[in-house]
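Here is the structure we will look at.
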Amino acid sequence: MQLADKLMDDVVSGRIAPDERVPSVREFAADNQVNVNTAIRAYDYLATRAIIYTRRGMGYFACADGAQRVASLRRDEFMHNDMDIFFRQLHSFGMTPDQLSLLYAEFLQQNKNI
Amino acid sequence: MNQTFNINRFGLLLKRYMVENRKQLFFLFGVMWGVMLLAAACIGHYEKETIERLTANQMYNCFTYDFYGTRAVLYLVSAVGFSCITGSYMFSSLRTKQSRIMSLMLPASMAEKYWVYFTVYILAFFPIFLLGTVVADLAYYVTAGGGIIFQLLAFHGSYSIFQTDSVLLWTVLCYQAIFALGSALWPRLSFFKTFIAMFVLSILALFFPTLIYHILKPFDDCVAVLEAIVVIACYSLAWVRFRHVQVIQKLL
Amino acid sequence: MLEIRSLSYSYPKAAKPVFFDLGLELQSGNIYGLLGSNGAGKSTLLYLMCGLLRPQYGQVRFNGHDVCLRQPDTLADIFLVSEEFELPPVRLDEFIRINSQFYPRFDRAAMEKYLTDFRLDTHLHLGRLSMGQKKKVFIAFALACNTSLLLMDEPTNGLDIPGKSEFRRALISAMNENRTVVISTHQVRDLDRVLDHVTIVDGGRLLLNSSISALQQRLAFSLENAPDPTALYSQPTAGGYSIVRPADEGAEETDVNLESLFEMIVTQRQNIF
């Protein structure tokens with residue numbers, strides 16, 4: 001869900017620390033200029049996947065393992081949706097697994113800080 | 001809370017109206033004062049010679065020269081004219097669609113709104129007019145000159161124009177009421193349209209002299225009563241029209 | 001809660017009615033979008049909702065009260081931000097002082113917050129503002145009056161692009177479960193993610209009256225490279241074709257493309273329910 005993605009980015013990048021409070025539903029709706037009900041659905045989506053949790057009367061907070069869960073969720077999504085297309089493309093270029101491995105290692109070398 | 005009339009809300013509404021429309025009100029009453037002041041000053045200028053001659057020969061008293069005559073005519077014409085003009089502004093808040101929307105949506109009863117307009121344009125006219133005659137008299141004294149005794153003799157008191165005959169007061173009220181009704185019927189170019197309507201009605205009346213005679217005969221001795229009836233009728237009709245006004249109307 | 005029952009209205013001296021036997025119920029806590037082509041009568045419907053116009057037949061009741069009676073207590077709970085409005089040439093604090101007293105739930109702090117959201121100074125003279133700035137002030141005042149019914153006629157018209165964002169933000173933060181907001185607009189893109197509920201009027205009739213979530217359950221919206229003749233509707237757009245299809249059971253819900261929905265309903269008179 002596009003709206004949920006924004007909050008997931010914040011959680012996985014560490015901008016919102018584990019157990020830190022996330023914006024209230026209304027603040028989130030206003031900031032993103034969407035209807036409160038849409039924001040509620042985004043928060044429900046995230047709560048069901050244990051990325052955020054709610055404390056009665058106090059609002060929503062990022063789960064302790066939220067970052068790992070987001071990473072895991074995104075990995076699953078990639079493998080389910082995008083990976084097949086990606087590999088087909090690579091195959092159409094004639095790229096071998098070794099070449100791919102080399103390119104990825106180079107990428108990791110050059111982008112140490114992300 | 002009484003839905004038809006609440007004195008506190010009326011007060012708030014009155015204050016709001018006066019603040020939001022102060023430019024219009026200053027202009028309206030300012031022009032009235034200005035015209036009377038200038039005209040009285042001109043009268044004083046033209047009467048200056050006569051007065052100098054009289055004061056030089058010590059030949060003045062209130063019976064040798066009517067110092068008030070011309071000014072009285074000025075004040076009479078001003079009273080009728082400006083009461084009609086201010087009357088035609090009574091429903092000026094209905095003139096444009098924007099102002100109609102703003103004034104109709106204001107949380108106050110239609111009665112309160114009506115009485116605010118009445119207070120501002122009809123009731124307030126009288127004290128402001130009388131003060132205007134005092135100011136005009138002052139302008140007259142400045143331009144006419146003459147000694148202090150002369151000036152005291154020349155001062156008849158502007159209120160006397162109403163005191164001499166209550167018919168005059170009722171005539172002013174009557175004309176004002178007609179133009180106020182015109183303002184309710186035709187908020188745009190109200191003065192002009194009401195004037196034309198009166199003119200047309202007068203022409204039509206010429207074709208029915210006997211009918212007019214029969215209507216007016218019972219009021220031969222008490223014209224003021226007839227005028228009072230007209231005043232009450234006009235304001236009642238204006239109320240009925242105002243009460244049911246809608247934002248989109250075939251407003252002429 | 002606003003209830004419209006069997007509403008029929010014609011313009012003065014018009015032969016054909018603008019609305020005929022219209023029935024509509026608006027629940028509190030929702031932002032309703034009133035969509036329609038120009039001249040469809042959106043402004044007229046808003047005027048009918050707040051008693052500025054009297055219907056020839058039928059009734060409009062707000063919390064049980066007939067709006068045509070123009071009772072002050074009812075009016076104090078309704079605010080109309082009309083497309084054509086005028087602000088008196090006075091200072092802003094004067095305007096607030098004399099007008100807020102008519103709205104018992106007016107919140108001064110909220111007014112200042114909305115003015116800040118709109119990047120406006122609180123010390124303004126209304127006579128010296130541009131049209132767009134006046135609109136922002138008027139909207140801020142309307143929101144701060146905390147009326148249960150807020151009607152807005154083309155609110156984003158005349159607002160610059162940052163202004164439209166500021167408006168959406170202010171509106172959403174002003175919303176609560178006791179408030180009903182009705183926004184009439186033909187600038188669908190300005191408001192499509194903010195609305196809870198969509199109403200489409202055309203030719204005097206109600207073509208659609210549905211919540212956004214119901215629409216998301218029934219329909220799927222996508223952007224594709226080619227039109228699909230088997231779909232309910234295909235609309236050429238800048239990025240390709242906007243396609244509307246019945247939603248698949250169990251598929252993830254898509255965002256409603258209000259523009260395509262509107263075109264589909266109005267041009268094809270599709271009955272999607």
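Quick one: if you stick a label point 7 Å off each Cα along the C-beta vector at B:Leu131 and C:Gln27, how many nm between them?
In this crude spin-label approximation the distance works out to 5.8 nm.
Can you compute the FRET efficiency between A:Gln68 and A:Gln99 using 1/(1 + (r/R0)^6), with r the Cβ-Cβ distance and R0 = 30 Å? Round to the nearest 0.05. Don't jump to the answer; show the numbers that get you there.
On the way: r = 30 Å, r/R0 = 1.01.
Between A:Gln68 and A:Gln99 the formula returns 0.50.
Could you work out the local net charge near C:Arg97, counting Lys and Arg as +1, Asp and Glu as -1, over the other residues with Cβ closer than 15 Å to its Cβ? Let's see the in-between values first.
Details: positive: B:Lys15, B:Arg16, B:Arg22, C:Arg91, C:Arg108; negative: B:Glu20, C:Asp93, C:Glu94, C:Asp107, C:Glu112.
Within the 15 Å Cβ shell, the charges total 0.
Give B:Lys23/B:Lys113; A:Lys6/C:Lys136; C:Lys113/C:Lys135 a once-over and call out the pairs whose C-alpha atoms are over 22 Å from each other.
Over 22 Å Cα-Cα: A:Lys6/C:Lys136.
Direction-averaged shadow area of the convex hull around the Cα atoms of the stretch C:143-251, nm²?
Values: hull surface 37.6 nm².
For the stretch C:143-251, the mean projected area of the Cα convex hull comes to 9.4 nm².
Report the percentage of all Cα-Cα pairs in the protein assembly as shown whose separation exceeds 39 Å, rounded to a whole percent.
When every Cα pair of the protein assembly as shown is considered, 51 percent fall beyond 39 Å.
Nearest-5 percent of antiparallel DSSP beta bridges in the protein assembly as shown?
65
Over the stretch A:2-66, what number does the Rg to Rh ratio reach, with both radii from the alpha-carbon atoms and Rh per Kirkwood? Each step should come with its number before you reach the end.
Working: Rg = 10.6 Å, Rh = 11.5 Å.
My calculation puts Rg/Rh at 0.92.
Report, in whole Å, the centroid distance computed from the Cα atoms of the stretch C:179-231 and the stretch C:14-77.
20
Which net charge results for the neighbourhood of C:Glu166, defined as the other residues with beta-carbon distances under 10 angstrom from its beta-carbon, given Lys and Arg at +1 and Asp and Glu at -1?
+3
Given the convex hull over the Cα atoms of chain A, what projected area results after averaging over all orientations, in nm²?
Answer in nm², one decimal: 8.9.
Among C:His197, C:His65, C:His186, which one shows the biggest mean-square fluctuation in a GNM of chain C, springs joining Cα atoms closer than 10 Å?
The residue that fluctuates most here is C:His65.
Dipole size in debye (nearest 20) for the stretch A:27-114 around its Cα centre, Lys and Arg Cβ +1, Asp and Glu Cβ -1?
320
Mind checking which of C:Asn225, C:Asn146, C:Asn99 has the largest fluctuation in a GNM of chain C, springs on alpha carbons under 10 Å?
So, out of C:Asn225, C:Asn146, C:Asn99, the one fluctuating most is C:Asn225.
Set the Förster distance to 25 Å, then compute FRET efficiency between C:Glu84 and C:Ser6 from the Cβ-Cβ distance, nearest 0.05.
Values: r = 29 Å, r/R0 = 1.16.
Taking R0 as 25 Å, the efficiency between C:Glu84 and C:Ser6 is 0.30.
Would you compute, for the Cα atoms of the stretch C:62-199, the largest minus smallest coordinate along each principal axis and list the three values in descending order, in whole Å?
Over the stretch C:62-199, Cα extents along the principal axes are 40, 36, 25 Å.
Only Lys, Arg, Asp and Glu count, each charged at its Cβ (+1, +1, -1, -1), so figure out the dipole size of the protein assembly as shown about its Cα centre, rounded to 20 debye.
1500
Quick one: which residues, 5 or more positions from C:Leu219 or on another chain, have an amide H under 5 Å from its amide H? H modelled 1.01 Å from N in the peptide plane, none for Pro or chain starts.
Under 5 Å from the amide H of C:Leu219 lie the amide H atoms of C:Ala247, each far enough along the sequence or on another chain.
Along the Cα→Cβ direction, 7 angstrom out, place labels at A:Asp31 and C:Arg269. What is the inter-label distance in nm?
A separation of 4.8 nm, rounded to one decimal place.
Students often forget the sequence filter, so: which lysines lie under 19 Å Cα-Cα from A:Lys112 once same-chain residues fewer than 8 apart are removed?
Candidates past the 8-residue exclusion: nothing left.
Classify the stretch C:212-268 as rounded, prolate or oblate from the Cα gyration tensor: take a ≥ b ≥ c as the square roots of its eigenvalues, call it rounded if a/c is under 1.5, otherwise prolate when a/b beats b/c and oblate if not.
The shape class here is prolate.
For the stretch C:178-252, which GluC sites (Glu not before Pro) are both in a DSSP coil and crowded by at most 13 other Cβ atoms within 10 Å?
C:Glu249, C:Glu252
If each of A:Arg21 and C:Arg189 carries a label point 7 Å out from its Cα toward its Cβ, how far apart are those two points in nm?
Between A:Arg21 and C:Arg189, the simple spin-label model gives 3.8 nm.
Taking amide H atoms as placed 1.01 Å from N in the peptide plane, list the residues 5 or more away in sequence, or in a different chain, whose amide H sits under 5 Å from that of C:Leu208.
C:Ile200
Can you give the relative contact order of the stretch C:212-268 as a percent, counting alpha carbon pairs under 8 Å and 6+ residues apart?
37
Express the relative contact order of chain C as a whole percentage, based on alpha carbon pairs under 8 Å and six or more residues apart in sequence.
20
Could you calculate the FRET efficiency of C:His65 with B:Ser202 from 1/(1 + (r/R0)^6), where r is the beta carbon distance between them and R0 is 35 Å, rounded to 0.05?
It comes to 0.15.
In Å, what is the Rg of the alpha-carbon atoms in the stretch C:1-72, and how long is Dmax?
Cα-based Rg and Dmax for the stretch C:1-72 come out at 12.1, 38 Å.
Bear in mind these aren't lab numbers, they're just calculated from the coordinates by the rules spelled out. Note that this is a predicted model, so its numbers are computed, not measured. All Cβ positions, glycine included, derive from the backbone under ideal geometry; neighbour counts span all protein chains shown.
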